[in-house]
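Notes follow once the structure below has been shown.
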Amino acid sequence: MDITIFPGKLHGEVTAIPSKSQAHRLLICAAFADAPTDLICPATNRDMDATAGCLNALGASITRTEGGYHVVPVQDVPTSATLNCHDSGSTLRFLLPVAGALGVDAVFQLEGRLPSRPLSPLWEELERMGCTLTRPASDTIRTTGQLKAGDYTIDGGVSSQFITGLLFAAALIPGESRIHLTGKVESRPYIDMTCRAMALFGRNTEDFVVNGGGPFHSPGTVAVEGDWSNGAFFLAAKALGNHVSVTNLAPDSPQGDRAVFDLLPALEESIVISAADIPDLVPILAVTAACKHGAVFTDIRRLRLKESDRVASVIAMLEALGGKAEATEDTLTVRGTGLTGGRVDAVNDHRIAMSAAIAATVCQKLVTILGAQCVEKSYPRFWEEYARLGGNYEQHLR
């Protein structure tokens with residue numbers, strides 16, 4: 001589906017959708033708890049449902065309710081299972097260690113860019129600690145064997161999702177495990193989010209020492225907080241002169257993308273921003289910077305490994321809309337030239353599609369977004385919400 005947006009401002013109030021990052025973590029904790037859990041999560045998306053489906057394959061019973069998810073925890077671990085991750089990196093990286101901890105002969109099915117996204121050094125550490133991993137096909141990963149308790153060591157500079165996966169695994173392996181991080185740790189707030197979720201279910205991860213074995217303890221009912229990552233698009237719209245307000249965002253949230261609250265006002269001047277802890281914010285911050293005074297983003301290497309090569313796709317988006325940007329190996333420079341309109345290929349990246357939609361509110365010409373349906377990955381009702389706020393667009397089915 002392609003969408004053509006006509007120039008115009010947005011008006012109204014937006015309730016931030018539930019946090020995809022927190023929902024993944026709470027679903028996993030609930031799946032291994034000592035009693036059923038109700039997750040209050042009034043809106044879902046493709047990535048959340050991928051994690052729920054994979055947990056069902058591992059023996060849980062997770063069903064959608066009117067207000068979220070009802071999770072009946074795993075009673076009997078299957079000897080083998082097939083887990084369809086679709087294109088969710090969180091689902092794969094969180095549950096690959098979990099399957100290893102359970103000793104399940106598990107086949108993970110991957111879609112989109114996920115087969116090409118990195119699993120090293122997690123792959124090597126899982127093998128060192130008891131699993132055997134293979135690729136039966138380019139879009140399939142199989143793990144056999146079982147992880148043992150002990151000392152795990154992993155580079156913290158590739159993906160915080162690796163550390164989250166190991167924390168969940170350590171909680172399921174009988175005995176004490178320690179997780180040691182080397183190198184510069186990226187996206188530390190997301191590791192903290194994992195530790196908070198596990199603490200809510202009664203598991204201590206202080207200093208990454210985890211006493212594993214036995215179930216998590218269900219709190220009964222848990223609400224998934226509002227998502228700063230997707231709320232950032234409408235917060236940026238407000239910063240760009242749209243009459244929009246966003247509710248349901250906790251100011252004390254552990255989400256790393258809460259940083260957008262301080263970064264948007266800072267973009268009233270040309271600044272330098274480290275992307276190390278906020279890779280998902282870069283597309284919308286780049287749009288904002290292009291319409292303000294420009295910005296330089298550092299620590300961008302991991303952006304090349306997301307749903308798209310986000311360095312290339314951000315530059316392509318800005319240039320297609322009349323802006324200017326360039327990159328070195330670890331720096332993205334966005335010029336404050338303004339944006340006029342044009343034709344953007346979303347390259348199956350939800351954050352590029354939504355960023356281009358917000359950019360359209362400050363453009364004088366039409367903005368066409370190719371492959372606009374990719375927002376379903378994190379925000380299925382985005383276009384519906386955009387229209388409710390007065391966004392004027394036409395859909396074109398291919």
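Observations, loosely collected:
- Residue 33 passes every criterion in (1) in contact with a His (Cβ under 8 Å, 6 or more places away or on another chain); (2) among the small types (Gly, Ala, Ser); (3) free of Cβ contacts under 8 Å to residues at least 12 places away in the same chain apart from (3).
- Residues of the stretch 289-307 classified as more than 21 Å from the chain's Cα centre (by Cα) and over 12 Å from residue 333 (Cβ atoms), total: 3
- Of the residues making up the stretch 104-158, those that are surrounded by 19 or more Cβ atoms within 10 Å (Cβ to Cβ), part of a strand (DSSP E or B) and not aliphatic (A, V, I, L, M) are 108, 131, 143, 152.
- Here the stretch 303-320 is the region considered, the condition is being touching a residue at least 40 places away in the same chain (Cβ under 8 Å) and assigned to a loop (DSSP other than H, G, I, E, B), and the residue that is surrounded by the fewest Cβ atoms within 10 Å (Cβ to Cβ) is 306.
- Top-ranked residue of the stretch 73-103 - restricted to ones that are β-branched (Val, Ile, Thr) and outside any loop (DSSP other than H, G, I, E, B), ranked as surrounded by the fewest Cβ atoms within 10 Å (Cβ to Cβ): 82
- Residue 67 meets each of the listed conditions (1) more than 18 Å from residue 100 (Cβ to Cβ); (2) modelled with pLDDT of 95 or more apart from (2).
- Residue 328 meets all of the listed conditions (1) out of contact with any strand residue (DSSP E or B) (no Cβ under 8 Å at 6 or more places or on another chain); (2) within 16 Å of residue 314 (Cα to Cα); (3) touching a residue at least 40 places away in the same chain (Cβ under 8 Å) but one, namely (3).
- Per the conditions (1) at pLDDT 95 or above; (2) under 20 Å from the mean Cα position of the chain (by Cα), the sole criterion not satisfied by residue 378 is (1).
- Scanning the stretch 287-302 for residues that are part of a helix (DSSP H, G or I) and among the aliphatic types (A, V, I, L, M) returns 287, 289, 290.
- Within the option set 284, 273, being under 16 Å from residue 311 (Cα atoms), modelled with pLDDT of 95 or more and assigned to a helix (DSSP H, G or I) holds for one residue only, 284.
- A single entry from 323, 338 fulfils the requirement of being outside any helix (DSSP H, G or I), modelled with pLDDT of 95 or more and surrounded by 19 or more Cβ atoms within 10 Å (Cβ to Cβ): 323.
- Inter-residue pairs, beta-carbon under 7 Å, first over 17 Å from residue 92 (Cα atoms) and in the stretch 152-170, second small (Gly, Ala, Ser), 6+ apart: 152/177; 155/183; 156/183; 157/183
- Residue match in the stretch 257-275 (condition: surrounded by 15 or more Cβ atoms within 10 Å (Cβ to Cβ), touching a residue at least 60 places away in the same chain (Cβ under 8 Å) and either under 18 Å from residue 27 (Cα atoms) or of a type in the set (A, V, I, L, M, F, W, C) (or both)): no
- Any hit, the stretch 215-235, residues being under 15 Å from the mean Cα position of the chain (by Cα), assigned to a loop (DSSP other than H, G, I, E, B) and aliphatic (A, V, I, L, M): yes
- Of the residues making up the stretch 362-398, those that are part of a helix (DSSP H, G or I), surrounded by fewer than 16 Cβ atoms within 10 Å (Cβ to Cβ) and hydrophobic (A, V, I, L, M, F, W, C) number 1.
- Here residue 253 fulfils each of the conditions (1) within 17 Å of the chain's Cα centre (by Cα); (2) free of Cβ contacts under 8 Å to residues at least 12 places away in the same chain apart from (2).
- Boolean, residue 43 is closer than 21 Å to residue 383 by Cα, in the same structural domain as residue 217 (by TED's automatic domain parsing) and in contact with a strand residue (DSSP E or B) (Cβ under 6 Å, 6 or more places away or on another chain): yes
The values are calculated or read from the model by the stated rules, or taken from the named source; none is laboratory data. The structure displayed is predicted, hence computed values, not measured ones. A quick note on method: Cβ atoms are made from the backbone with ideal geometry, for glycine too, and the neighbour counts reach across all protein chains shown.
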